[in-house]
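Structure first, then comments.
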Number of protein chains: 4
Amino acid sequence: MKNTAILLISCPDRKGLVATIAEFLYRHNANILHADQHQDSANGLFLMRVEWDLEGFDLAPEDFHQHFAHIAHQFEMQWRLALSSQRPRVAIFVSRYDHCLADLLYRHQAGELHCDIPLIIGNHSDTKWLADTYRIPFQHIEVLKDAKAEAERDQLALLRHHHIDLIVLARYMQVLSPEFIRHYPNRIINIHHSFLPAFHGAKPYHRAFDRGVKLIGATSHYVTEILDDGPIIEQDVARISHRDALDDLIQKGRDLEKIVLSRAVRWHIENRVLLYANKTVVFD
Amino acid sequence: MKNTAILLISCPDRKGLVATIAEFLYRHNANILHADQHQDSANGLFLMRVEWDLEGFDLAPEDFHQHFAHIAHQFEMQWRLALSSQRPRVAIFVSRYDHCLADLLYRHQAGELHCDIPLIIGNHSDTKWLADTYRIPFQHIEVLKDAKAEAERDQLALLRHHHIDLIVLARYMQVLSPEFIRHYPNRIINIHHSFLPAFHGAKPYHRAFDRGVKLIGATSHYVTEILDDGPIIEQDVARISHRDALDDLIQKGRDLEKIVLSRAVRWHIENRVLLYANKTVVFD
Amino acid sequence: MKNTAILLISCPDRKGLVATIAEFLYRHNANILHADQHQDSANGLFLMRVEWDLEGFDLAPEDFHQHFAHIAHQFEMQWRLALSSQRPRVAIFVSRYDHCLADLLYRHQAGELHCDIPLIIGNHSDTKWLADTYRIPFQHIEVLKDAKAEAERDQLALLRHHHIDLIVLARYMQVLSPEFIRHYPNRIINIHHSFLPAFHGAKPYHRAFDRGVKLIGATSHYVTEILDDGPIIEQDVARISHRDALDDLIQKGRDLEKIVLSRAVRWHIENRVLLYANKTVVFD
Amino acid sequence: MKNTAILLISCPDRKGLVATIAEFLYRHNANILHADQHQDSANGLFLMRVEWDLEGFDLAPEDFHQHFAHIAHQFEMQWRLALSSQRPRVAIFVSRYDHCLADLLYRHQAGELHCDIPLIIGNHSDTKWLADTYRIPFQHIEVLKDAKAEAERDQLALLRHHHIDLIVLARYMQVLSPEFIRHYPNRIINIHHSFLPAFHGAKPYHRAFDRGVKLIGATSHYVTEILDDGPIIEQDVARISHRDALDDLIQKGRDLEKIVLSRAVRWHIENRVLLYANKTVVFD
């Protein structure tokens, strides 16, 4: 794999933006590999992702800020530089259901997810065997009804200790507190087992079955303080019929959940997701 | 097309049901073309659709009731006999948007919908040109804010006059009163421009756009007294991305609406839809 | 609708390309509305579509060539400038099946297709009623087995007379001669009723039915001298099952054909399609 | 899980068939759980799958044949009785790619596949770690270019020794000989990484990429002596665009392959697949 840099920009849309950015990269001899941009005319917003080969680029990553700061200031940019050499550190939270965990660990092992996974936290220990198979440390932190704060305190200590960049809730059946979420803004990805906003909250398959929908869905989204309301990263659906009992919905749903969650995680760690107005732009 | 009879049955699930029905049809020399059944074990319910060629069948349709009554009583059946020779009479209600109306009329003319359409009712007259093209009587009944009851009275008079069996709301932008709906229970099909139950109520595309969903949907359902809550007949979705502005959602949605509504109407008039527990079984 | 210009570029990928183009547009005060680019690293190719508002742009469209020629030459560009004010002139060829024609004409009338349709040519006159409904001149040119050359000569004369930019084969059941195709390179769009390259050639639904596939498809593509081999613009599929007889395949296929063809036509007339290596890039 | 029997029937379509079968089951006090039938009018064929609870059924499975033989003979049935208590014995063949193997083993362990897997045969040993994880015996049988017959002889010996009912080729990159296939007619399931019949044979992703298709597919089918020509059990597709390089096709394809193969395997072992005319009927 090439050693690349990725520049993510979000700013008010103004003339000369692209010319200025492109000229800057050209001046420093960047060999651009991919460039995507989006203009949201309703919000007057410009969003961009540009990736270039670091070979031949004449700025050291640590000097980029200093040289780019003037442009960023001029155009009021929110921006971030990511390096493909810096693999994000991901923690996976899990309860008893193991299909999403198994899927993520297999993909990681197979090289589909360019990240490190130094930590799995389970509020049950049922899935420890999977962690062991893939040789990833598993921490069992029980979440008692009246002692959630203590559990979250222990979780946060572990996350800090492992320098975690992203938390993936792989069918973690607990609601995180607002205090916890504030430590990882837009850095917690959840999989909800419905086509949000339909059936937000508990037991979506049961409610989908009762409502008699003809498609079931899954939604991966960033976790915010409002339950199941954060920016949606990816969704997909599968067709069902009267021949599907509730158990069939749950089984078909598992395949959706795995695929929808793994796409979201991959896009996040490849720095393809930009956020605005509680929505995502995915440069895939 | 063959001259066929269709028997639709819904009853408590009991042993001997299929044997009894099959023996009855065999005894009267029915040449069965299609048979579908469904057992809902949670509700202890048996649902069946069986279609046979009337050629060689030794009961006249008008005598069927008398001969089948004993079996129907024994198994506590709700049942109905439909004949392919009796084309349902369909009225289409429409407002200003004409894409669903144009689609239904084209399909009807092309022979995809085996029904008669003796009546189109519009609360605006914008779509009269389409009715004229396909030579279907168009009635303009304005629905004033304070005079909905009068409008519905006029509508009902027309529906009765034309012996209407099924009402199709082809993006008819008015909410029907409970009184009106009670005249046509499970015989009014609506198209809602979202993946219900998400975005029920008004302006679903706007709300889908604001929520940042990655798929838009459409839902055809029977109209009940609770808005957007009736039994769902069909749903489908289409993928969208950040590149789609609100207008693109609306345009992509039109194709969904046309297809989802036309499927529901076709299944209904081909007697493929059975109802229970506010859900549908579609024997397609 | 805004009055816009669209620049389409295809050239060898070189550093400084985007910077040069963006600087040129900025210097002439272009208000960029959309910009998409694609780099094909295997072929060392750069492809771009950029659209800007002509309001405030300080070059008259007729002067663009003169000012841009230097850059185009420097980077060995194949390029084209399109104006939203110049609506392409489209001719539709049709045989007896009318579903694609009906769909295109309805969409055109509804404002979904920004083109003029001054001409429909049918080798049968069955669809004349549709042309009349939408008030578009219909020309019946019979194609006799031994006189195809004469028919094509008459067709070409009509196309020239009407200054046609794009020919749409809306289930036109004739194979065009290489001589004919050479007059409209990459300007003839066909709809093939299979998922190409599966079932290229005749009677694809019959062959799909015989092969027992579980999905049927449709493919829109540019017509080249090799049958069903031109660059693919769009494809889609629909699920079928053993319950679908051949007629059901054909009916389900019609909906696919309509949608796949109309997408391709829309993308072409909105100048969203770029070609290379017998493939398309669609900037949608 | 209930202890059930499944009767699979294929025979010429005749009046009285369903009545006779249903009466037979009723007479022996069968509590029918599911019944599906299909009539292929073009071929005059009747196909049926009926499943009932063995609790209360008054025939022992070993006596079923004797009692049913008369009916079977009368209607010229091809038939088979399967018992949910008899789990099929499945062998998986694999090469170096491990995604389908990993998926099948995980699903088996999670209870989605009601079979035993006593044997994995690899022509490479790369995937042994997966077999070890799930504690399934792994046999490495190298397939040398000039010694395929010897390899197949060893494979067949192992298959016989383990009383294998079904062979699953989980991206096994070798072509089996006609002699081998004849030992397991309609009992070898392959996953082909294209939407057959498109791109049958070698390197389908490369050819799909070169042809510029807009969807990629995967096909699970029974293996027959003609390469990639056996009865199709399941197919699915995923959308791609110009932004997908060949590696992206391969990665997206892996998810298709896993899902399409696992569905086919599940349907086979649940006795849901019936065969005729080189096609499948899947009673799902």
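The values are calculated or read from the model by the stated rules, or taken from the named source; none is laboratory data. No experiment lies behind these values; they were computed from the predicted model shown. Neighbour counts run over all protein chains shown; Cβ positions are idealised from the backbone, glycine included. For accessibility, only protein heavy atoms count, side chains too; no ligands or nucleic acids. Shrake-Rupley method; radii C 1.70, N 1.55, O 1.52, S 1.80 Å.
A few comments on the model shown:
- Charge sum, other residues only, whose C-beta stays under 9 Å from C:Ser262's C-beta, Lys/Arg counted +1 and Asp/Glu -1: +1
- Convex hull volume of the range A:4-83 per residue (C-alpha atoms, cubic angstrom): 76 Å³
- Residue of C:Gln174, C:Gln235, C:Gln66 that the Gaussian network model of chain C assigns the largest fluctuation, springs spanning Cα pairs under 10 Å: C:Gln66
- Where trypsin sites (Lys or Arg not before Pro) fall in DSSP loop in the range A:138-243, at most 10 other Cβ within 10 Å: A:Lys145
- Per-residue ellipticity at 222 nm computed for chain B from its helices equals -10000 deg cm²/dmol, with DSSP H segments shorter than 4 residues left out and the rest contributing -39,500 (n - 2.57).
- Amide proton proximity set for B:Ile188, modelled H, under 5 Å, gap of 5+: B:Ile167, B:Val223
- D (Stokes-Einstein, µm²/s), Kirkwood Cα radius, the protein assembly as shown, 1.567 mPa s at 4 °C: 40 µm²/s
- Within-10-Å neighbourhood charge of C:Asp165 [Cβ basis; K, R +1; D, E -1]: +2
- Exam field: D:Arg243 pseudo-label spacings to other copies (7 Å along Cα-Cβ), nanometres: 0.7, 3.6, 3.6
- Shielding of peptide B:18-30 by partners, expressed as the average count of other chain Cβ atoms within 10 Å per residue Cβ, is 5.
- Total accessible surface hidden between A and D, rounded to 100 Å², 1.4 Å probe: 1700 Å²
- Most mobile of B:Val223, B:Val94, B:Val143 in a GNM of chain B (Cα contacts under 10 Å): B:Val143
- Peptides B:129-139, D:249-259 ordered by average Cβ neighbours within 10 Å, highest first: D:249-259, B:129-139
- For the range D:243-248, the Karplus equation 6.51 cos²θ - 1.76 cosθ + 1.60, evaluated at θ = phi - 60°, returns couplings of 6, 8, 7, 3, 4, 5 Hz by residue, with Gly and Pro reported as x.
- Computed over the range A:1-87: relative contact order in percent, which uses C-alpha pairs under 8 Å that are six or more apart: 47 percent
- Table column - 3J(HN,Hα) (Hz), the range A:99-116, Karplus curve with 6.51, -1.76, 1.60, x for Gly and Pro: 5, 5, 4, 4, 5, 5, 5, 4, 4, 4, 4, 7, x, 7, 10, 8, 8, 9
- With the convex hull of its Cα atoms as the shape, the range A:1-155 has an orientation-averaged projected area of 12.8 nm².
- Taking amide H as placed 1.01 Å from N in the peptide plane, C:Asn43 has no amide H partner under 5 Å among residues 5 or more places away or on another chain.
- Taking amide hydrogens as placed 1.01 Å from N in the peptide plane, the amide H of A:Leu119 sits under 5 Å from those of A:Ile92, each at least 5 positions away in sequence or on another chain.
- Exercise: per-residue mean of other protein chain Cβ atoms within 10 Å, B:192-205: 3
- Candidates A:Asn271, A:Asn43, A:Asn190, ranked by Gaussian network fluctuation over chain A, Cα under 10 Å, top entry: A:Asn43
- For the cross-link pairs A:Lys258/D:Lys279; C:Lys214/D:Lys203; B:Lys148/B:Lys203; B:Lys128/B:Lys203; A:Lys214/C:Lys128; B:Lys252/C:Lys214, the ones whose C-alpha atoms lie over 28 Å apart are A:Lys258/D:Lys279; A:Lys214/C:Lys128.
- Heavy-atom accessible area for B:Met77, with the other protein chains in place and a 1.4 Å probe, reaches approximately 20 Å².
- Largest-first principal axis extents of the Cα set of chain A (Å): 60, 41, 35
- For the range A:185-193, 3J(HN,Hα) per residue [Karplus equation, 6.51 cos²θ - 1.76 cosθ + 1.60, θ = phi - 60°, Hz, x = Gly/Pro]: x, 6, 10, 10, 10, 10, 10, 9, 8
- Shielding by partners for peptide D:218-224, expressed as the average number of C-beta atoms from other protein chains within 10 Å of each residue's C-beta, is 1.
- With label points set 7 Å from Cα along Cα→Cβ, the inter-copy distances at B:Trp129 are 1.9, 6.7, 6.8 nm, sorted shortest first.
- Where the Cα pairs of the range A:133-229 fall when distances are cut into 5 Å bins, in %: 2, 11, 20, 21, 18, 13, 9, 4, 1, 0
- Accessible surface of chain C, 1.4 Å probe: 49 percent of it comes from carbon and sulfur atoms.
- Each residue was assigned an accessible area with a 1.4 Å probe, and for C:Glu225 the value is about 100 Å².
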